[in-house]
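Enquirer: This is the structure I have questions about; it appears just below.
The values are calculated or read from the model by the stated rules, or taken from the named source; none is laboratory data. In this text the structure is predicted, and so the values were computed from the model without any measurement. In this analysis, Cβ positions are derived from the backbone assuming ideal geometry, glycine residues included, and neighbour counts consider all displayed protein chains.
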Ligand SMILES: [Zn+2]
């Protein structure tokens, strides 16, 4: 997990940040994205310092090309805020709801810090409908498009990313719950929803990963990012059950540690920190 990705491959490292979400995406052209950074209210352990920064240091990375905050909740922005202090940042993508509704002093500081460093802050209105090319890989923002729905609460305005290369695709849905999932089902065609690996919404809670959504995405793998014995009961047994009924292989960061998915557009390599190489049963 700590090494650079071979050039020409697309790799997503789902980091073990405990209860929260964080992923490093290595694009085939060498650019790197950091999506969320974990962190929890009242937890003195900051995964930005304990998990993300050491990985970046080890890889001698001093620059994040695009940092994405899927939605302004502390289990996504706390570690991101601290990790970004030690690197330069090309762009910051954010759904903007935190500035409208107020997401607390740490979030406000993160934005003020980025602005003082003249990092462009880009919002869904600018990101939706564009295909971003990274050599052989493409990235799209699928939601919230064309902008957040201010009547919806946090999770359901999560930035949803689709990253594809060749015949392979990954989808990361932040903390999207059933409301945002069904919005996507209405807005997109099935072929734009299908993905090989899905980072499921809201840490595997029962309010995400609805049956119609799983039927449309039809992934082989599902990543559930959650802390060991977390107090929220994530992932919910119902979610695990829905996955297993569809023969979708669950990858839980609380059991496997960090998880890596890598593709050359045709083949896929999977591994986890705890169990090494992974393959479909
Ligand atoms: Zn969350």
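Enquirer: How many residues, within the range 4-44, are assigned to a loop (DSSP other than H, G, I, E, B) and either within 16 Å of the ligand (Cβ to nearest atom) or touching a helix residue (DSSP H, G or I) at 6+ places or on another chain (Cβ under 8 Å) (or both)?
Expert: Residues that pass the stated criteria total 16.
Enquirer: Sticking with this structure for a sec: What number of residues within the range 156-178 satisfy the criterion of being farther than 19 Å from residue 14 by Cα and under 18 Å from the mean Cα position of the chain (by Cα)? Talk me through it step by step, then tell me what you get.
Expert: Quick first cut of the range 156-178, residues farther than 19 Å from residue 14 by Cα only: 156-157, 166-167, 177-178.
Then keep just the ones that are under 18 Å from the mean Cα position of the chain (by Cα); that gives 156-157, 177-178.
So the answer is 4.
Enquirer: In the range 174-217, which residue that is in contact (Cβ under 8 Å) with a residue 60 or more places away in the chain and within 16 Å of the ligand (Cβ to nearest atom) is nearest to residue 37 (Cα to Cα)?
Expert: 174
Enquirer: Taking the condition without any contact (Cβ under 8 Å) to a residue 60 or more places away in the chain and either closer than 21 Å to residue 14 by Cβ or within 16 Å of the ligand (Cβ to nearest atom) (or both), does residue 137 pass?
Expert: no
Enquirer: Six or more apart or on different chains, Cβ atoms under 6 Å: show the pairs whose first residue is in the range 32-44 and at pLDDT below 95 and whose second is buried (at least 24 other Cβ atoms within 10 Å of the Cβ) and outside any strand (DSSP E or B).
Expert: Close Cβ pairs (under 6 Å, with a partner that is buried (at least 24 other Cβ atoms within 10 Å of the Cβ) and outside any strand (DSSP E or B)) amount to 39/20; 39/47; 39/75; 39/78; 39/79; 40/75.
Enquirer: Looking only at the range 150-175, filter to residues that are assigned to a loop (DSSP other than H, G, I, E, B) and modelled with pLDDT under 95; which one of those is nearest to residue 128 (Cα to Cα)? Spell out the reasoning first.
Expert: First, pick out the residues of the range 150-175 that are assigned to a loop (DSSP other than H, G, I, E, B): 150-153, 158-159, 166-167, 173-175.
Next, only the ones that are modelled with pLDDT under 95 stay: 150-153.
Numbers: 150: 17, 151: 19, 152: 18, 153: 20 Å.
Checking each candidate, the answer is 150.
Enquirer: Out of the residues in the range 1-28 meeting the condition of being farther than 18 Å from residue 256 by Cα and at pLDDT 95 or above, tell me which one is surrounded by the fewest Cβ atoms within 10 Å (Cβ to Cβ). Outline the logic, then answer.
Expert: If we filter the range 1-28 for residues that are farther than 18 Å from residue 256 by Cα, which is where we start, we get 3-10, 25-28.
Filter once more, keeping what is at pLDDT 95 or above: 9-10, 25-28.
Values: 9: 18, 10: 29, 25: 26, 26: 25, 27: 25, 28: 21.
The residue in question is 9.
Enquirer: Those residues that are away from the ligand (no atom under 16 Å from the Cβ) and either touching a helix residue (DSSP H, G or I) at 6+ places or on another chain (Cβ under 9 Å) or assigned to a helix (DSSP H, G or I) (or both), I need them from the range 64-75; list them, please.
Expert: 64, 67
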